[in-house]
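A.B. asks: Sending over a structure as structure tokens; questions will come in a sec.
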Amino acid sequence: MVFLNNPRIFVRLSRYKTMNIPDKTHKVTLSVVFAIAVWLVPGAFPLAAQTALSIADKQNWTTTQLSAYVGQEVRLTDEWYITNNYNGYRISPRRIYSPTNQVLPGSADYTSLLSLNNSGSVSLSGVSGYHRMGERLRDAVVRINSTGSMTLVSGAWTGNSREDILQGYDKTAIDKHGTHTLLVCAANLEYYLVENLGTGLGPDNYNEHQAQRKKVSQALAKINADIYGLVEVEMGQTALQEIAADLTKNTGRVYTYIDDGTSTNGSYTKSGYVYCAQTVAPYGEIRSNNAGVKNRKQMQCFEEKATGERFIFSINHFKAKSGSGAGDNADKGDGQSSYNGDRVREAQSVLDEYESFLYFVGDEDMLVMGDLNAYGKEDPIRVLTDYGMTDLHRYCHKDTSYSYTYRGEAGYLDHALASVTMMPQVTGMTAYHINSDESDSYTYDKSDDGTMFRYSDHDPVLVGLNLVQSAVSIGAEVISNPDVLFEDGYLSVDNAAGGHIRVYDMQGGLVLDKAIASETYTLPTSGWKPGIYVIHLFANNQVKHRKVIVP
């Protein structure tokens, strides 16, 4: 009876009770022998975990909650994420996000989230095989070595593996709001160089370039987009020409590129376009915006051949966070790092370029994409959203979207934002997680695995479009210094004679479209639903935008 009351003895008896031994007496005797062995020699056989560890509040969990279990073998009842796979593994019951991707920089929420992140993951040893960040450990038994360390005894892995990702990107996410007819991709290629190799940036030699090319060409062909906006690609035309040729070979569709007139200059990179000539064509010439970092903010209008509909595609690579700036470029310790001032000015310059460009193409629809080197709640992004653009990461995926990981924290530096008129034509978006969750050891210069994985440190971002005819067209109305006032339930526009006003809700619905005959135009908003509205005032070769909130 003593043996049977011992939990370890019971486990051993139950394990062997089904052995195929003809003699019933021998069967019982063998069970007792095993039971005695386990009782006399603790640790001689693997033991079942006796304690279940369940996390009630995953968002506020910290490693201090492990203190009661140190020295014990426990069973994890929740799925735990791998949050870091660089120089070992770290796990957490939640995915850990960059604070300024979730909350306002420098706020009390920022300070709180930063503290939670710093104590929100624990190292995990005893792992066999390779696992990507975002993979989850389930049905796990671990030994708690300390509040900062666990050893895996047993467990299974699920989700976000290479096998999962090889099935392709999430088409459901791209078609969440309808079926796309065009697919647009923005991708950071992490210094894609063809010439001037060996500068310390990008490939050091021809063989490394070919390894980089193999990874990139596989990834872009797998995506099979109609238009690619590429950043960190070598200046000049040779790199874009090579990428277009590889896409043509690997997809069976005809791709070409936009020649921006630049020539190769050392290892400097630019932003550029490659597109499928069978589905779209450039409308008008490319426009380079050289405010701040040169050759990295481009704007091109594309026309869909099947419908004749057009949209503006702005691809960008803003100033990096690294380095030491002065004035408004100094690191203020609010999570935005250095050169935030420059990135804010770059964001404003994109809007200024748009307002001068849209008259030449006759369409307000615009996508702003690329590596903006700012997380979702940082100042440069709020310049764009305050203008009335919609952050598609947050619109489609709330707070779970990411395209980049840094020190175990996930977030999105690679953006997709839509103008208010573009929104009804966006079917959905997703980041294709073929890079950010990978270990750095799989880059082309460290691995010969020959796969598309970890071709860059940023994930490509994909947007589905279904272009339709705009409800409005852009004319050449003249407004002299228009002003917009919103107060006491009335919208007033002064100095507006001969102009035109259009008002949209944040889903792109047209609320008002009216020519203005008088010097002052007043409109009651009492019949409008509570929410945010974007006002467009059109002038001769210019447009002014305002955003108002109706309570």
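A.B. asks: Sort 307, 172 by Cβ crowding within 10 Å, fewest neighbours at the top. Walk me through the intermediate numbers first.
C.D. replies: Working: 307 13, 172 9.
Least crowded to most crowded, the residues run 172, 307.
A.B. asks: Continuing with the same structure: First measure r as the distance between the Cβ atoms of residue 86 and residue 352, then evaluate 1/(1 + (r/R0)^6) with R0 = 25 Å and state the FRET efficiency to the nearest 0.05. Mind showing how you got there, number by number?
C.D. replies: Values: r = 40 Å, r/R0 = 1.60.
Approximately 0.05, to the nearest 0.05.
A.B. asks: In what sequence, highest mean first, do 393-399, 365-371, 452-458 appear when ranked by Cβ atoms within 10 angstrom?
C.D. replies: Numbers: 393-399: 17.7, 365-371: 27.3, 452-458: 23.7.
Going by the mean number of other Cβ atoms within 10 Å, highest first, we get 365-371, 452-458, 393-399.
A.B. asks: In percent, how large is the relative contact order of region 200-269, given Cα pairs closer than 8 Å and 6 or more residues apart?
C.D. replies: Details: 55 pairs, mean separation 24.5, N = 70.
Relative contact order comes out at 35 percent.
A.B. asks: How large is the Kirkwood hydrodynamic radius of region 376-456, counting all unique pairs of alpha carbons, in Å? Mind showing how you got there, number by number?
C.D. replies: On the way: mean 1/r = 0.0698 Å⁻¹.
Radius from the Kirkwood sum: 14.3 Å.
A.B. asks: Here's another thing I want to ask about it. If you average over every viewing direction, what projected area does the convex hull of the Cα atoms of region 156-293 give, in nm²? Intermediate results must be reported in sequence, preceding the final value.
C.D. replies: Details: hull surface 44.9 nm².
If I average the Cα hull's projected area over directions, I get 11.2 nm².
A.B. asks: Report the gain in length on full extension from residue 108 to residue 332: 0.36 nm times residue separation, minus Cα-Cα distance, nm rounded to one decimal. Could you put the intermediate results ahead of the total?
C.D. replies: Values: separation 224, 0.36 × 224 = 80.64 nm, distance 1.49 nm.
In short, 79.1 nm is gained.
A.B. asks: OK, next. Of 294/321; 214/297; 171/214; 171/222; 176/215; 332/377, which ones are farther than 18 Å apart at the Cα?
C.D. replies: Result: 214/297; 171/214; 176/215 exceed 18 Å.
A.B. asks: Turning to a different aspect of this structure: Any idea what % of Cα-Cα pairs in region 142-227 are farther than 17 Å?
C.D. replies: 69 percent
A.B. asks: Evaluate the Kirkwood expression for the hydrodynamic radius of region 168-465, namely the inverse of the mean inverse distance over all pairs of different C-alpha atoms, and round to one decimal in Å.
C.D. replies: Values: mean 1/r = 0.0524 Å⁻¹.
Kirkwood radius, region 168-465: 19.1 Å.
A.B. asks: Could you give the length gained on full extension between residue 278 and residue 399, defined as 0.36 nm per residue of separation minus the Cα-Cα distance, in nm?
C.D. replies: Contour length minus Cα-Cα distance gives 39.9 nm.
A.B. asks: Go ahead and run the numbers for FRET between residue 67 and residue 171, Cβ-Cβ distance against an R0 of 35 Å, rounding to 0.05.
C.D. replies: Working: r = 45 Å, r/R0 = 1.29.
Approximately 0.20, to the nearest 0.05.
Any read-out appearing in this document is the output of simple, stated calculations on the displayed coordinates, not a laboratory observation. A quick note: this is a predicted structure, and the numbers were derived from the prediction, not measured. Heads up, the Cβs are rebuilt from the backbone with ideal geometry, glycines too, and the neighbour counts pull from every protein chain shown.
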